[in-house]
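Read the figures in this text as sums done on the coordinates, not as results from a lab. Every value quoted in this text rests on a predicted model; they were computed, and no experiment measured them. Backbone-built Cβ (ideal geometry, glycine too); neighbour counts: all protein chains shown.
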Amino acid sequence: MQVEQLTYAIGAELTGVNLADAVHDDGLFAEIRAALLKHRVLFLRDQNITRAEHVAFARRFGELEDHPVAGSDPEHPGLVRIYKNPEQPNDRYENAWHADATWREAPQFGAVLRCVECPPVGGDTMWANMVLAYEKLPEYVKAQIADLRARHSIEASFGAAMPIEKRLALKAQYPDAEHPVVRTHPETGEKVLFVSAFTTHFTNFHTPERVRYGQDANPGAGDLLRYLVSQAYIPEYQVRWRWKPNSIAIWDNRSTQHYAVMDYPPCHRKMERAGIIGDKPY
């Protein structure tokens with residue numbers, strides 16, 4: 001297996017490897033896992049693997065989970081189908097910068113995403129290194145956010161366009177989760193900036209140390225949250241991947257965010273993602 005680093009900040013392409021082999025080869029899988037921790041997102045081309053092999057490889061990292069809104073392959077639970085269809089013009093929304101499923105008490109460890117069909121041009125995906133985003137913050141900001149916690153919501157994201165009854169039912173099933181604004185990576189011990197498009201507000205900002213009068217909390221907390229969320233937008237922290245059929249991305253959801261670029265004309269874009277159950281951030 002060869003590993004080619006793609007940017008200074010994040011990302012590497014693997015060649016000379018078939019992920020189907022890593023299902024049964026412990027040594028090869030250990031190499032891939034070590035590369036993932038180092039580079040945070042890994043890319044591979046020409047991985048003509050079956051859905052069963054896709055799921056089996058992802059399960060080497062941990063058990064898989066379904067998504068309450070996006071549909072899964074009926075024969076392979078945990079393999080979420082992210083299909084964009086030109087016959088459904090209202091289904092054009094992609095996303096903003098986010099880490100997957102932070103609205104869960106235990107967000108995903110990571111994911112293995114395979115391109116089934118994509119536009120000839122456009123539809124790239126970008127990833128950002130949120131360890132570097134934290135490291136580069138001014139020291140006074142690090143001190144200000146060291147003990148902050150924030151809420152992450154599926155209701156305010158996936159549920160926003162639903163009728164109110166469905167939206168409230170979704171929130172009842174998945175109440176807003178509260179996570180530290182700066183989490184610690186459970187394997188590397190690195191500090192990670194952990195707010196994104198799923199984050200709605202801080203839960204412990206309004207204290208005497210930060211707020212003299214009630215008006216200090218508004219817009220002070222909102223301005224700080226927007227500033228922190230915007231750190232993922234910095235190009236120096238990013239890598240961009242151009243999809244082709246049978247290309248695969250594997251990422252560490254604990255230390256990265258990603259963004260699916262919606263710059264392609266109405267056409268099919270079919271992706272299949274195996275999301276791996278993670279742990280509660282601390």
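Of note:
- Between the stretch 186-249 and the stretch 70-149, the C-alpha centres lie 14 angstrom from each other.
- Full-extension gain in nm, ASN218 to THR15, via 0.36 nm per residue minus C-alpha separation: 68.0 nm
- Under the criterion of Cα pairs below 8 Å and six or more residues apart, the relative contact order for the chain equals 36 percent.
- Chymotrypsin sites (Phe, Trp or Tyr not before Pro) restricted to DSSP loop in the stretch 184-232 with at most 11 other C-beta within 10 Å: TYR213
- If only the Cβ of Lys and Arg carry +1 and only the Cβ of Asp and Glu carry -1, the dipole of the stretch 130-232 around its Cα centre is close to 180 debye.
- Cβ-based charge dipole, the stretch 130-232, positive-most Cα from ILE164, HIS152, GLY222: ILE164
- Shape category assigned to the stretch 130-232 from the gyration tensor of Cα positions, a/c cut at 1.5: oblate
- Given the choices (i) 15.5; (ii) 16.9; (iii) 17.8, mean projected area of the Cα convex hull in nm² derived from the coordinates of this structure is entry (i).
- Once the Cα-Cα distance is subtracted from the 0.36 nm per residue extended length, the LYS38 to THR50 segment shows a gain of 1.6 nm.
- Anisotropy class of the stretch 1-64 from Cα gyration tensor, a/c 1.5 cut: prolate
- In the stretch 176-282, the GluC sites (Glu not before Pro) that fall in loop regions by DSSP, at most 10 other Cβ within 10 Å: GLU209
- Residue-averaged 222 nm ellipticity for the chain, from DSSP H runs of 4+ at -39500 (n - 2.57), nearest 500: -6000 deg cm²/dmol
- With both labels modelled 7 Å from their Cα along Cα-to-Cβ, the ARG240 to GLU31 distance reads 3.1 nm.
- Candidates per GluC sites (Glu not before Pro) in the stretch 1-79, loop by DSSP, up to 15 other Cβ within 10 Å: GLU63, GLU75
- Over 28 Å (Cα to Cα) - which of LYS166/LYS244; LYS84/LYS280; LYS142/LYS280 fall in this group: LYS166/LYS244; LYS84/LYS280
- Computed FRET value (nearest 0.05) for HIS24 with MET162, which takes r as the C-beta separation and R₀ as 35 Å: 0.25
- As a calculated quantity, the FRET efficiency between GLU4 and GLN173 at R0 = 45 Å, using C-beta atoms, amounts to about 0.60.
- Contour excess over end-to-end distance, with Cα ends at GLU105 and LYS270 and 0.36 nm allotted per residue: 56.6 nm
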